[in-house]
1. Within the range 235-242, is there a residue that is over 21 Å from ILE41 (Cβ atoms) and of a type outside the set (Lys, Arg)?
2. Considering only residues that are surrounded by fewer than 21 Cβ atoms within 10 Å (Cβ to Cβ) and touching an Asp or Glu at 6+ places or on another chain (Cβ under 7 Å), which ones fall in the range 265-286?
3. Yes or no: VAL106 surrounded by fewer than 23 Cβ atoms within 10 Å (Cβ to Cβ), touching a Cys at 6+ places or on another chain (Cβ under 9 Å) and either more than 23 Å from LYS135 (Cβ to Cβ) or at pLDDT 95 or above (or both)?
4. Within the range 209-238, can you find the residues that are touching a strand residue (DSSP E or B) at 6+ places or on another chain (Cβ under 8 Å) and part of a loop (DSSP other than H, G, I, E, B)?
5. Do you know which of the residues in the range 64-98 that are free of Cβ contacts under 8 Å to residues at least 60 places away in the same chain, in a loop (DSSP other than H, G, I, E, B) and β-branched (Val, Ile, Thr) is nearest to GLU132 (Cα to Cα)?
6. Kindly evaluate VAL189 against the criterion of being crowded, with 22+ Cβ neighbours inside 10 Å, within 19 Å of ILE75 (Cβ to Cβ) and in contact with a strand residue (DSSP E or B) (Cβ under 9 Å, 6 or more places away or on another chain).
Amino acid sequence: MSDQASRLRNLVEERAVEESQAREIGELYFDVAENTRVIAITSGKGGVGKTSLAVNLAVGFQMAGQKVMLIDADIGMANVNLLMGSVTNRSLIDLLNDEVELEDVVENGVMGVKYISGVAELEATLSLNRNEQKKLHKKLGRCSEMANIIIIDTGAGLNRNVIEFILAAEEVLLITTPEPTALADAYAVIKAYTTYTERRNIKLIINRVREEEECEDVAEKMNQTTKKFLGVSVNCLGYIYDDKVVSEAVHRQEPFIIANPKSPAARCVSELVKILLSGGRMGSVSKGWRGFLDRLFGY
């Protein structure tokens, strides 16, 4: 734990120097237009539904009349393009090539969602140097000309690339499941975030819950833990039901909010979109007939 804390501390110190250097040469670090909303979606561990949430939220925002850009920043384990049902030839890393412009890597996805694929190569997990960061910064700055909501699908865990994205984003959505290992890793993300930034705009989303009450229970336990050991409260934005349509849609490589818009999981995502756009609290989402059968037969 001390080694991890030391690495994070060094990372923040390096970022402070880089931001100072950027200001000296008249640049803003991770600059976007004032009317552009940037939402980073992250998780403490893989396999909790992070990318599925990112893709379906992006489509949900687009269906609600927003102009959305989804950037796959899960460098080394990228798969946004797969959930969009397409194969792309270029990725985020290609922007490091002087001959490649932003338009060359932007794809048109489902419902008009624009997206930039990540790169699924182990070598790409290495941290970018300062010159590479400047090049990406300059080219990605124009994303705000194409969208008013930019969603960043980060990697899972606490590597350097993930930490940099969540520290730079104005809003962070942390997705977890009720499993103890997922919650422990989510806590580690909250600890890093609240330790190294004064912003407190990180919200929890509980995925694969069986009932609404399970979300409330998990969120309360997490909040008690963060209050006790970190001295901070973390709001829970909402939940997504454990729903077989999610895995079915993944296998078909399409967003479940389109494949089965009336499913419990899809209606949860639609409710989350509504909350993110208008504020308020997530209301109860009925499971309908399937919920009746689950309760009847004890599932």
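The values are calculated or read from the model by the stated rules, or taken from the named source; none is laboratory data. Since we're looking at a predicted model, the values are computed, not measured. Neighbour counts are summed over all protein chains in view; Cβ atoms, including those assigned to glycine, are modelled from backbone coordinates with ideal geometry.
1. Our first condition is that a residue be over 21 Å from ILE41 (Cβ atoms); within the range 235-242, this holds for none.
No, the conditions are met nowhere in the range 235-242.
2. MET282, GLY283, SER284
3. Numbers: surrounded by fewer than 23 Cβ atoms within 10 Å (Cβ to Cβ): yes; touching a Cys at 6+ places or on another chain (Cβ under 9 Å): yes; either more than 23 Å from LYS135 (Cβ to Cβ) or at pLDDT 95 or above (or both): yes.
In short, yes.
4. ARG210, VAL234, ASN235, listed by residue number.
5. Residue satisfying both the conditions and the ranking: THR88.
6. Details: crowded, with 22+ Cβ neighbours inside 10 Å: yes; within 19 Å of ILE75 (Cβ to Cβ): yes; in contact with a strand residue (DSSP E or B) (Cβ under 9 Å, 6 or more places away or on another chain): yes.
It is true that VAL189 is crowded, with 22+ Cβ neighbours inside 10 Å, within 19 Å of ILE75 (Cβ to Cβ) and in contact with a strand residue (DSSP E or B) (Cβ under 9 Å, 6 or more places away or on another chain).
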